[in-house]
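Written out below as structure tokens is the structure these notes cover.
Rule-based calculations on the coordinates, nothing more; no lab input. All figures in this text were calculated on a predicted structure; none of them were measured in a lab. Positions of Cβ are generated from backbone atoms using ideal geometry, with glycine treated the same way; all protein chains shown enter the neighbour counts.
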């Protein structure tokens, strides 16, 4: 948009910013742009090792297509839907949650909470936790989305350094998840 002498004009640029592919089994989604790459596993994943091996394989194809790239940051994000039986307090299953004042009979049917913080593990970066209460697809349960996003800035690492750093986030993401949920939820959690 341009504003000159009190008059404004707007223009648009209609060209693709990137591409998105979904595997035939709908378990993987790849998004490629000239300035970014993301690989997602939809639903359950078997192991961290198989997930990162497939992400690395697709990343190599991306690099072959776009040539040498310089990257400044990487992230590991995982989103889980957890179910809380109706009639239970969120505190029975979650350590971080929105809380209403005692004595009020509030029937909360949706909520959104976002926390952002700086972290120093495994590198200096940031962690964003989002907690969203959504309509449930299971009778007798409340559904809560736990969205955890770890972002790290890096200064020109090699491809090998990048994957070593990504793998180092595995234990961190597991630690944060276990701190966000109670032992009761962790015991019955099915990734």
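Values computed for the structure shown
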{"item": "Extended-chain gain in nm, criterion 0.36 nm per residue less alpha-carbon gap, residue 120 and residue 99", "result": "4.7 nm"}
{"item": "Distance in nm between pseudo-label sites at residue 109 and residue 132 (7 Å out along the Cβ direction from Cα)", "result": "1.8"}
{"item": "Among 172-185, 56-69, the order from most to least packed when residues are scored by Cβ within 10 Å on average", "result": "172-185, 56-69"}
{"item": "Prolate/oblate/rounded call for segment 1-141, Cα gyration tensor, a/c under 1.5 rounded", "result": "oblate"}
{"item": "Taking the convex hull of Cα positions in segment 71-191, its mean projected area over all directions (nm²)", "result": "8.6"}
{"item": "For segment 46-108 versus segment 125-189, the gap between their alpha-carbon centres in whole angstrom", "result": "4"}
{"item": "Spacing of the two label points (7 Å from each Cα toward its C-beta) at residue 86 and residue 42, in nm", "result": "2.9"}
{"item": "Rounded if a/c under 1.5, otherwise prolate or oblate - segment 16-69, Cα gyration tensor axes", "result": "oblate"}
{"item": "Modelled FRET efficiency - R0 35 Å, residue 22 with residue 2, Cβ distances, 0.05 increments", "result": "0.35"}
